[in-house]
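Have a look at the structure below before the remarks.
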Amino acid sequence: MNNKYLARNLYIKTVIFGEKQMKKSFLLTSIILFGAMFMFCGCEILEEAMQESYSTDDPTSEDYEPRFVIGVFETVRYPRAMNLEKEITDNTGKKVWINANPLFSSRRIRAARVVPRPGNPDLCDLEFRIDRMGKTQWQMLSSGYRGEQLAFMVDSRHVGYFVPEYSGYGNAEWVRIRIGMDSYTARGIVKFAKKNFAHFNPDASDWFSTLY
């Protein structure tokens, strides 16, 4: 009986020890996998999560912080160092000058969507649904700067150049930006477009905004 009891007790201890080792191994494996995922995904996801944790989702709140705010600017070929001109570093590292006043911005964008480029899903174009004033601005922009490269900024960071497409008589509901930006920035613009519009246009009533 004693031998059976000792054998059974030894068996139970062996099983418990094995389970503990398996748990330790699983924990270690999980840590390694998480670290690998973090290395491959980069810091962008973590940065976005941290930003969201410090900001409210209510665009009408005073604590709301607009993110992925876009601005379209005229590039200045012959700068004269005037107050309306500003020097920036473009996405290639080159120093360029732009007009400090935006030609178009997130204030006029009611919604946005990503347009992946065929054969290269890592590069994205964008389409913007614009309000009534935005239609007028885009008509003037696309006709006045036809064939010219404009600077596209996101949160005061230059992400690329694009040539505006002519929108005719300003009746286009959606306008396309053929810029070929990274998918992370493009998704961020889409995610915050509606909230930013509501933040920048707090006095616009729901019934009025649905008309345009």
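May I ask you to list the GluC sites (Glu not before Pro) in the range 68-177 that are in a DSSP loop and have at most 16 other Cβ atoms within 10 Å of their Cβ? Walk me through the intermediate numbers first.
Numbers: sites: 74, 85, 87, 127, 148, 165, 173; in loops: 148, 165, 173.
Counting only loop positions with at most 16 other Cβ atoms within 10 Å, the GluC sites (Glu not before Pro) in the range 68-177 are 148, 165, 173.
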* How much solvent-accessible surface does residue 92 expose, in Å² to the nearest 10, with a 1.4 Å probe and all protein chains in place? -> 110 Å²
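Quick check: with the 1.4 Å probe, what order do 86, 194 take by accessible area, largest first? Walk me through the numbers before you get to the answer.
Numbers: 86 90, 194 135 Å².
Per-residue accessible area, sorted high to low, gives 194, 86.
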* Extension gain residue 163-residue 87, at 0.36 nm per residue separation less the Cα-Cα distance, in nm? -> 25.3 nm
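Work out, step by step, the length gained on full extension between residue 62 and residue 182: first 0.36 nm times the residue separation, then minus their alpha carbon distance; give nm to one decimal.
In short, 40.2 nm is gained.
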* Asked: If you find the alpha carbon centre of the range 62-129 and of the range 141-192, how far apart are they in angstrom?
  -> 7 Å
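Compute the relative contact order of the range 90-208 as a whole-number percentage, counting only Cα pairs closer than 8 Å that sit 6 or more residues apart in sequence.
Values: 177 pairs, mean separation 37.0, N = 119.
Relative contact order, the range 90-208: 31 percent.
The values are calculated or read from the model by the stated rules, or taken from the named source; none is laboratory data. Everything numeric here is computed off the predicted structure, so don't read it as measured data. Cβ: placed from backbone, ideal geometry, glycine included. Neighbour counts: every protein chain shown. For the accessible areas, the whole protein counts, side chains as well, though only heavy atoms, and no ligand, DNA or RNA atoms are used. Shrake-Rupley method; radii C 1.70, N 1.55, O 1.52, S 1.80 Å.
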